[in-house]
1. Using only Cα atoms, locate the centre of region 389-424 and the centre of region 175-249, then give the distance between them in Å, rounded to an integer.
2. Under a 10 Å cutoff between Cα atoms, tell me which one of Asn296, Asn179, Asn400 has the largest fluctuation in the Gaussian network model of the chain.
3. For region 1-44, report the accessible area per residue in Å² (1.4 Å probe, heavy atoms, rounded to an integer).
4. Would you mind putting 329-335, 122-128 in packing order, based on average other-beta-carbon counts within 10 Å, highest first?
5. Taking 7 Å along the Cα-to-C-beta vector as the label spot, tell me the Leu429-Ile41 distance in nanometres, rounded to one decimal.
6. Suppose R0 equals 35 Å. What FRET efficiency, 1/(1 + (r/R0)^6) with r the Cβ-Cβ distance, do His407 and Asp267 give to the nearest 0.05?
7. Once the Cβ-Cβ distance between Cys160 and Ser70 is put in as r, and R0 is 45 Å, what FRET efficiency do you end up with, to the nearest 0.05?
8. My understanding is that a pair violates if its Cα-Cα distance is over 18 Å; which of Lys383/Lys432; Lys212/Lys383; Lys155/Lys263; Lys383/Lys425; Lys272/Lys351; Lys155/Lys220 do that in this structure?
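The values are calculated or read from the model by the stated rules, or taken from the named source; none is laboratory data. Nothing here was measured: the structure is a model prediction, and the numbers come from that model. Cβ atoms come from the backbone with ideal geometry, glycine included; neighbour counts cover every protein chain shown. The area values use the complete protein model at the heavy-atom level, side chains included, leaving out ligands, DNA and RNA. Shrake-Rupley method; radii C 1.70, N 1.55, O 1.52, S 1.80 Å.
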Amino acid sequence: MTLRLAASALADAFRCGDRDIHSLISRGQRVLGYSPDWLNILAQEVLHQKLLGTDYLTDQPEELTAFIYSFQPLQQVYNKSAKSPSIAYCYFPTTKAITPAKYVQPDLEVLNCETDLLNFLNIDETRLNWLCDRYGAPQPGEGPLQHYYYQFIDKKNAGCSRLLEIPKPILKSIQSNINRNLLSKIPIHPNCHGFSSGRSTISFTQQHIGKKWLLRMDLKQFFSSVSYTRIFNTFSCLGYPKNIVRILSQLCSNRVPSSVLKKSGYDWRTRKLLKTPHLPQGSPASPSLANLAAFNLDCRLSAFAESIDGDYSRYADDLLFSSDTYRNISNMIPFIASIVMEEGFEINFRKTRLMGTGQQQIVTGIVLNQHRNLPRKDYESLKAIIHNCVTKGVSSQQRNKINFQAHLRGKLNYLCQLNPSKGQKLYALYQKIDWAS
């Protein structure tokens, strides 16, 4: 355990809970796993700084870490020990999310009553009551009276299936309206790159290029883990009355009927998540709501990455950490999992990957070792298709694609974004294709 990480752990402990001398010492002892003589002096020095006008405990976490890092007795412990002492416990200070007042935008829709909401959604009260299931009638598993279509999609190399909850046209149109005119006006975390205009897998991986260590982790059941309560709290931040917030939350959440779940083969936990109101995977409003629900998670994981001199970004349910200086990044997996669990999500450990410079660092189909690139296998495949189109004709490679030219051009444009030099070489070959034949 490095001196930097020990200082950060003690700083987090001092900032959690009561801030008298005895509480600071008690939490410090829990972090270290023992009670050194210098801990009492350190706690007194931290509180003494407040008397001198510098309150490290309130709003200066980075300065507090630096102060503890420069504390001579702590430095002597790490300099004299052949093996650096370990940390017995870590505290995770609560990070404040954006206040509701900052969410409100000047051009936000005015929804002071249900009449305003009906006009905004362009529906009548009877249809709104039906879509919100206000009549209390039991919904059938499938058929014309259900609000969603249900479709199981097999996951590649996973041996299981993903349930798509696809809203029917009227509800889909309403959810699109809510997403476009309400949710899109709420700012997301800067380290969040999925489902957002101007951000992509390219921006997601940008800050991790050429790093010595990459840690990729995956969130399990990302959409269905976002409960109705979280959806309600997100809409509450827009400043609308509670009855309006409740209707919006009902329109954007779903519970899967038991008759559909019987066909799934899911485990007990997954069925429980899907049976209770949650974000449906397939709704146009769900990606935005999922990003907003994970805002506090992004705040905490970003701060955690900074504590190990690393970087963090998230693309939907993919978490990515990187560092040039911290070698034991794999030791951080339990701490990351603890933060994720405290924020209401769960890590899929089977998809956790630690990648060093001695192997190909591939994330979301992009190689990140020295510079951004397409995997060699994908590049050679694209090159072969273009070459065959030139030498053997387009019909030899089309393979039932309706707009093969647009498909091939899209792949080529993507390569140009990742690696312009390789992209230009293939583009020169692409221009030799005779599309008329």
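1. 33
2. Asn400
3. Working: 1940 Å² over 44 residues.
Per-residue value: 44 Å².
4. On the way: 329-335: 15.6, 122-128: 12.6.
Descending packing order for the listed peptides: 329-335, 122-128.
5. So the label points at Leu429 and Ile41 sit 6.8 nm apart.
6. Working: r = 38 Å, r/R0 = 1.08.
Efficiency, rounded to the nearest 0.05: 0.40.
7. On the way: r = 51 Å, r/R0 = 1.14.
Calculated value: 0.30.
8. Details: Lys383/Lys432 13 Å; Lys212/Lys383 30 Å; Lys155/Lys263 16 Å; Lys383/Lys425 10 Å; Lys272/Lys351 23 Å; Lys155/Lys220 13 Å.
As for pairs spanning more than 18 Å Cα to Cα, those are Lys212/Lys383; Lys272/Lys351.
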